[in-house]
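Chemist: One structure follows; several queries about it will come next.
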Amino acid sequence: MTKTFLTAEWRKLIMAQYVVSPQTLFPFLPRGVELDLFEGRCYVSLVGFLFDRVRVRGIAIPFHTKFEEINLRFYVRRIEADGSRRRGVVFIREFVPRFAIAYVAKRFYDEPYLTLPTRHHIASSNQSLAVDYEWKHGDRWHRLNVVTSSSAQPIVAGSEEEFLTEHYWGYTKRSDGSTSEYEVRHPRWQTYAARQAEVKADFGTLYGDGFASLTETQPISVLLAEGSAVSVQDGRRLTL
């Protein structure tokens, strides 16, 4: 039985989806997992959210309990020996403003974290909710924002929202070629209906030449999830 490595709340998650060729993701695909498609489409998601009430092994690190994270991720699955399926995500790059968080993630999970200045703004009223995340790379601020309805609704079974949010495992392609697996536990989320959204990001600079075309591409969909309390379990290296 695994132990809990980290607990936190993930709140106000903006998720902007782009369709890419599977070949674009093969260099990032860890051994032992395969791409997980939605209705035949291969997605990457640009995600911004608020990390809050962070505890590592139950301990709050001063000045590291609340911050933004922005990541680019894609979706995978692993078939277990008994035939069961684990649906997970792989991160291409993760940005946070706190060095200690990035260090711990890289040290224990070999996750591709980078420390950058970040900021966010959340404004709500009876009619709408506006959420904005920004991160600075070099001399440029990049931006991800959305305006939605004011109330969250349950996720519909079989929907794209369910596919995007119901992946409970993380897989990492480690520097030595091995694969790490860890579980993320949280209840089923609710989402807000998006009314308008904007992405201003230089994907080529941030994530590599293979993603440069996304800079001028409109996302195929954008959603805002309320989020919840989460726990990240200790990871393990897969035996393949």
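The values are calculated or read from the model by the stated rules, or taken from the named source; none is laboratory data. Treat the numbers as computed from the prediction; the structure is a model and nothing was measured. Glycine gets a Cβ as well: all are built from the backbone with ideal geometry, and neighbour counts include every protein chain shown. Note: areas computed on protein heavy atoms with side chains; ligands, DNA, RNA excluded. Shrake-Rupley method; radii C 1.70, N 1.55, O 1.52, S 1.80 Å.
Chemist: What are the GluC sites (Glu not before Pro) within region 10-119 that DSSP puts in a loop, where the Cβ has at most 10 other Cβ atoms within 10 Å? Don't skip to the end; give the middle numbers.
Modeler: Working: sites: E34, E39, E68, E69, E80, E94; in loops: E39, E80.
Here the GluC sites (Glu not before Pro) that fit, given the DSSP loop and packing criteria, are E39, E80.
Chemist: Considering the options A130, I101, W141, tell which one lies farthest towards the positive end of the dipole of region 65-141, charges being +1 on Lys and Arg and -1 on Asp and Glu at the Cβ, about the Cα centre.
Modeler: Result: I101.
Chemist: With the chain treated as a Gaussian network of Cα nodes joined by springs under 10 Å, which of A105, A225, A123 yields the largest mean-square fluctuation?
Modeler: A123
Chemist: Ignoring ligands, DNA and RNA, what percent of the 1.4 Å accessible area of the chain is carbon and sulfur? Present the calculation step by step, with values, prior to reporting the outcome.
Modeler: Values: 5740 of 11520 Å².
About 50 percent, which is the carbon plus sulfur part of the accessible surface.
Chemist: Have a look at H64, A16, V184 and report the one farthest towards the positive end of the charge dipole of the chain, computed about the Cα centre with Cβ charges (Lys/Arg +1, Asp/Glu -1).
Modeler: H64
Chemist: Would you kindly state how much longer the chain becomes between E80 and S231 on full extension, computed as 0.36 nm times their sequence separation minus their alpha carbon distance, in nm to one decimal? Can you show the working numbers first?
Modeler: Working: separation 151, 0.36 × 151 = 54.36 nm, distance 2.23 nm.
Here the segment from E80 to S231 would lengthen by 52.1 nm.
Chemist: Residue by residue through region 214-229, what is 3J(HN,Hα) from phi via Karplus (6.51 cos²θ - 1.76 cosθ + 1.60, θ = phi - 60°)? Round to whole Hz and write x for glycine and proline.
Modeler: Computed from phi, the couplings for region 214-229 are 6, 4, 9, 9, 6, x, 6, 7, 9, 10, 10, 9, 5, x, 5, 5 Hz.
Chemist: Could you check the simple spin-label distance between R87 and D52, using points 7 Å along Cα→Cβ, in nm with one decimal?
Modeler: Between R87 and D52, the label points sit 2.7 nm apart.
Chemist: Averaged per residue, what accessible area in Å² does the chain show with a 1.4 Å probe, protein chains only?
Modeler: Details: 11520 Å² over 240 residues.
The answer is 48 Å² per residue.
Chemist: Return, ordered by residue number, the residues of region 8-48 whose backbone nitrogen is under 19 Å from a label point located 7 Å along Cα→Cβ of R195.
Modeler: Answer for region 8-48: 12-15.
Chemist: So which chymotrypsin sites (Phe, Trp or Tyr not before Pro) in region 168-240 are both in a DSSP loop and have at most 16 other Cβ atoms within 10 Å of their Cβ? Write down the numbers at each step before the final one.
Modeler: Values: sites: Y168, W169, Y171, Y182, W189, Y192, F203, Y207, F211; in loops: Y168, W189.
In loop regions of region 168-240 (DSSP not H, G, I, E or B), the sparsely surrounded chymotrypsin sites (Phe, Trp or Tyr not before Pro) are Y168.
Chemist: Would you please state which residues of region 187-225 a label at A157 would reach in this model, taking the label point 7 Å out along Cα→Cβ and a backbone N cut-off of under 19 Å?
Modeler: 187-191
Chemist: Taking the Cα-to-Cβ direction at R140 and at T215 and moving 7 Å from each Cα, how far apart do the two end points lie in nm?
Modeler: 0.5 nm
Chemist: Another question, then. Taking R0 as 22 Å, what's the FRET efficiency between S149 and V19 from their Cβ-Cβ distance, rounded to 0.05?
Modeler: Numbers: r = 25 Å, r/R0 = 1.16.
The computed FRET efficiency comes out at 0.30.
Chemist: Of all the stretches in the chain, which is the longest one without any exposed loop site, taking trypsin sites (Lys or Arg not before Pro) in a DSSP loop (any state but H, G, I, E, B) with at most 12 other Cβ atoms within 10 Å? Before the final figure, lay out the partial values.
Modeler: Working: sites that count: K3, R31, R57, R188.
Counting at most 12 other Cβ atoms within 10 Å as exposed, the longest clean stretch of the chain is 58-187.
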